[in-house]
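What follows draws every value from the coordinates through simple rules; no lab data is involved. Everything quoted here is computed from the prediction, not taken from an experiment. Here the Cβ is made from the backbone with ideal geometry for all residues, glycine too, and neighbour counts use every protein chain on show.
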């Protein structure tokens, strides 16, 4: 994504790579404009605000030169037991995770978006930016210091932070995969299996929002989404990242 | 009827498969192509690993049997499965225990996925570098 390119350019000569993965059943046509916008200047500001990207810092926009991959079946969500986006995972030189999947600096500040004007209050924008910049600073610290970084976790710590895949989770994933296949064959029966996946794994925002979006473009960020977010009450949408600062 | 079988990361179409009571049966001759497993005297085998066929199946499932109940076999292995009989699409995923075991090792599961131009990339090809893996979605 354009927002990560500055970080990549800074560190690409230091044995560092970014791999972005779009969990998008819609495929290349759905994500192309997000990955390689035809007009960078028109990248939606509200998205940058909601996600806490400050254009003066790492939010400087440039077309990505790192691998930007497309995962139409949400395979990576299944592999890493993910239920929401965005998520960041740090992987060291030998292929071991040093931080588990985390919301990569995304915060709940977006919940104060004015749904009529599509604007965010100034303090919420600041809160989102703070969460983002702290996360990016931690990431830079790890890129520079490796295992010696205070943010790099041991396998034991990682283990404690990744939920096991239960049999019900695996069954939900099988139903979701089936739904995608049926959808790609143009069959309406897909909806039955999307519903089953959602029923089996109610904590998955990805199952809900992907199936809503396939049903109708824009529905993933529509009233159903916001009422589901509101239903969380005091519970977080994005689990705050513990950076031990 | 033809069945589309998604077995872990492998997708195949088996022409003469059939469903009975929500279970998928396929010609034994197609088992290896569809799943990677084949029947030997030691049981169902993949490379050097064999899974013994339970005694209760033994009469029905032998190396010269003509049909194989893939749904029963998936249950035996603890795999999650979902199928749509009407359209003949069946999914057999990884066992939950296998998924958890891999994540418990803190080793990052590998994958291979295309970019916008259709070129495939894997995580493993970046071994030797630090990787920031970032998932997102347009929705």
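Mind sorting B:47, A:71, A:29, A:164 by how few other Cβ atoms lie within 10 Å of their own Cβ, fewest first?
B:47, A:29, A:164, A:71
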### Task
Using only the Cα atoms of region B:8-57, build the gyration tensor, take square roots of its eigenvalues as a ≥ b ≥ c, and label the shape rounded, prolate or oblate: rounded if a/c is under 1.5, else prolate if a/b is larger than b/c, else oblate.
oblate
### Query
Hey, how many Å between the Cα centroid of region A:96-139 and the Cα centroid of region A:181-245?
19
### Task
Give me D for chain A in µm² s⁻¹, whole number, from Stokes-Einstein with Rh from the Kirkwood sum over alpha-carbon pairs, 37 °C and 0.692 mPa s.
171
#### Entry: Within a Gaussian network of chain A (alpha carbon springs, distance under 10 Å), most fluctuating of A:222, A:88, A:160
A:160
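If we count other beta carbons within 10 Å of each Cβ, what is the order of A:4, B:37, A:226, fewest first?
On the way: A:4 24, B:37 20, A:226 13.
Neighbour counts put them in this order, fewest first: A:226, B:37, A:4.
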### Task
Over the Cα atoms of region A:144-190, compute the convex hull volume and normalise it per residue, giving Å³.
119
### Query
What Kirkwood hydrodynamic radius, in Å, does region A:24-80 give when the mean of 1/r is taken over all pairs of distinct Cα atoms and then inverted?
13.1
### Query
Can you give the translational diffusion coefficient of region A:61-112 in µm²/s, computed by Stokes-Einstein from the Kirkwood radius over Cα pairs at 25 °C and 0.890 mPa s?
186
### Task
For chain B, with a Gaussian network of springs between Cα atoms less than 10 Å apart, report the residue from B:128, B:78, B:88 with the top mean-square fluctuation.
B:128
### Query
Once a ≥ b ≥ c are taken as the square roots of the eigenvalues of the Cα gyration tensor of region A:1-97, is the result rounded (a/c under 1.5), prolate (a/b larger than b/c) or oblate (a/b not larger than b/c)?
oblate
### Summary
By the C-alpha gyration tensor axes a ≥ b ≥ c (rounded if a/c is under 1.5, else prolate when a/b exceeds b/c, else oblate), the shape of region A:86-143 is prolate
### Query
Per Stokes-Einstein, at 25 °C and 0.890 mPa s, what whole-number D in µm² s⁻¹ belongs to region B:5-89, with the Kirkwood radius over Cα pairs as the hydrodynamic radius?
187
### Taking N as its residue count, the alpha carbon Rg of region A:96-201 over 2.2 N^0.38 Å
1.52
### Query
Once the Cα gyration tensor of region A:159-245 is diagonalised, what are the square roots of 5 times its eigenvalues, in whole Å and ordered largest first, as equivalent ellipsoid semi-axes?
26, 18, 10
### Message
Along its three principal axes, how long is region A:19-151 when you only count alpha carbons? Whole Å, largest extent first please.
### Response
47, 35, 27
### Query
How far apart, in nm, are two points set 7 Å out from the Cα along the Cα-to-Cβ line at residue B:105 and at residue A:166?
2.6
